[in-house]
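Some notes on the structure that comes next.
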Amino acid sequence: MDLPKSLPERLYLLAYDTERQRMTARSDLGYMMRAGILAELLIQGHLADATGGPVVRTPAVSDPLLDGVLQQIAASRRRTWQHWVGKSSRANVREVRERLESDGWIRVEHVRILGLLPMAKVTVRDPRVVKRLRTTVTTTLRGGQPVARLDPRDAGLTALAAMTRLKTVMPRAQWRAARGRSEELADPIAPVPTALRKAIQAAAAAAAAG
């Protein structure tokens, strides 16, 4: 069974609840997409980690979704990974969703809640794709295989899912129990998972402060 090629697309599908047929982690989804894009750029070698944040190693990339973020970083002064996880995150959710829809992975219906609030209702066309992604994550997390021998996207997907403790994969208690392993899996895309956690925590603190 085929899967979407990039990390942000896989992460989006992983956040889908196949039983309730709806997206979960909506408040964190934008940060997750940005983290997925940054991780993909690291894996492909277009970005590198340096003191103060990411640095660009290649002038462009053929994928428009990835290239948009790469060009933002290239045009900016050095900023932290956390900054880039939070930048334009809502727009990236829409872009990832539109790509998945265009490629036939999902169906999107634009509706209004109570006739007022617009919402995109997402349906995954083949739930087996989501189940395969879940299996990939749980196998990667529990398999004990050395990180260096793993597909970097499998390791990255698992590390990012662990950082947000996606309930579509497993309960939070099981994520906590596997914290040591998830930190190992984060190494190939360090420091993106840490930046994701900090961005989510900062947003939650800002919301709590009113």
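The values are calculated or read from the model by the stated rules, or taken from the named source; none is laboratory data. Because the structure is a prediction, the values reported are computed rather than measured. Here Cβ is always computed from backbone atoms with ideal geometry, including for glycine, and neighbour counts include all displayed protein chains.
Please enumerate the residues belonging to the range 164-191 that are touching a Phe, Trp or Tyr at 6+ places or on another chain (Cβ under 6 Å) and under 24 Å from residue 44 (Cβ atoms). Passing the criteria: only 191.
Taking the stated definitions as given, is residue 59 closer than 25 Å to residue 188 by Cα and either surrounded by fewer than 12 Cβ atoms within 10 Å (Cβ to Cβ) or in contact with a Cys (Cβ under 9 Å, 6 or more places away or on another chain) (or both)? Yes; evaluated as a whole, the condition is true for this residue. Just one residue in the set 48, 25, 39 is over 17 Å from residue 96 (Cα atoms) and either surrounded by fewer than 18 Cβ atoms within 10 Å (Cβ to Cβ) or not hydroxyl-bearing (Ser, Thr, Tyr) (or both); that residue is 48. If you go through the range 94-113 and pick out every residue that is over 19 Å from residue 20 (Cβ atoms) and either assigned to a helix (DSSP H, G or I) or aliphatic (A, V, I, L, M) (or both), you end up with 7. In the set 140, 136, which member is part of a helix (DSSP H, G or I), closer than 24 Å to residue 155 by Cβ, without any contact (Cβ under 8 Å) to a residue 40 or more places away in the chain and in contact with a helix residue (DSSP H, G or I) (Cβ under 8 Å, 6 or more places away or on another chain)? Of the residues listed, the single one that is part of a helix (DSSP H, G or I), closer than 24 Å to residue 155 by Cβ, without any contact (Cβ under 8 Å) to a residue 40 or more places away in the chain and in contact with a helix residue (DSSP H, G or I) (Cβ under 8 Å, 6 or more places away or on another chain) is 136. If you go through the range 165-198 and keep only what is of a type in the set (A, V, I, L, M) and either out of contact with any strand residue (DSSP E or B) (no Cβ under 8 Å at 6 or more places or on another chain) or modelled with pLDDT of 95 or more (or both), you end up with 166, 169, 170, 173, 177, 178, 185, 186, 189, 192, 195, 196. Among the residues of the range 69-90, the ones that are in contact (Cβ under 8 Å) with a residue 12 or more places away in the chain and surrounded by fewer than 17 Cβ atoms within 10 Å (Cβ to Cβ) come to 8 in all. For the range 122-145, the count of residues that are loosely packed, with under 14 Cβ neighbours inside 10 Å, closer than 25 Å to residue 50 by Cα and more than 14 Å from the chain's Cα centre (by Cα) is zero.
Filtering the range 53-82 to residues that are out of contact with any Ser or Thr (no Cβ under 9 Å at 6 or more places or on another chain) and part of a helix (DSSP H, G or I) leaves 64, 67, 71, 73, 74. For residue 48, the requirement of being farther than 27 Å from residue 123 by Cα and in contact with a helix residue (DSSP H, G or I) (Cβ under 8 Å, 6 or more places away or on another chain) is met.
For the range 155-187, a tally of residues being surrounded by fewer than 20 Cβ atoms within 10 Å (Cβ to Cβ) and assigned to a helix (DSSP H, G or I) returns 12.
Could you say which residue among 82, 44, 72 is at pLDDT 95 or above and over 28 Å from residue 168 (Cα atoms)?
Within the list 82, 44, 72, the selection yields 72.
Looking across the range 87-119, the residues that are touching a Leu at 6+ places or on another chain (Cβ under 8 Å) and of a type in the set (A, V, I, L, M) come down to 93, 96, 100, 106.
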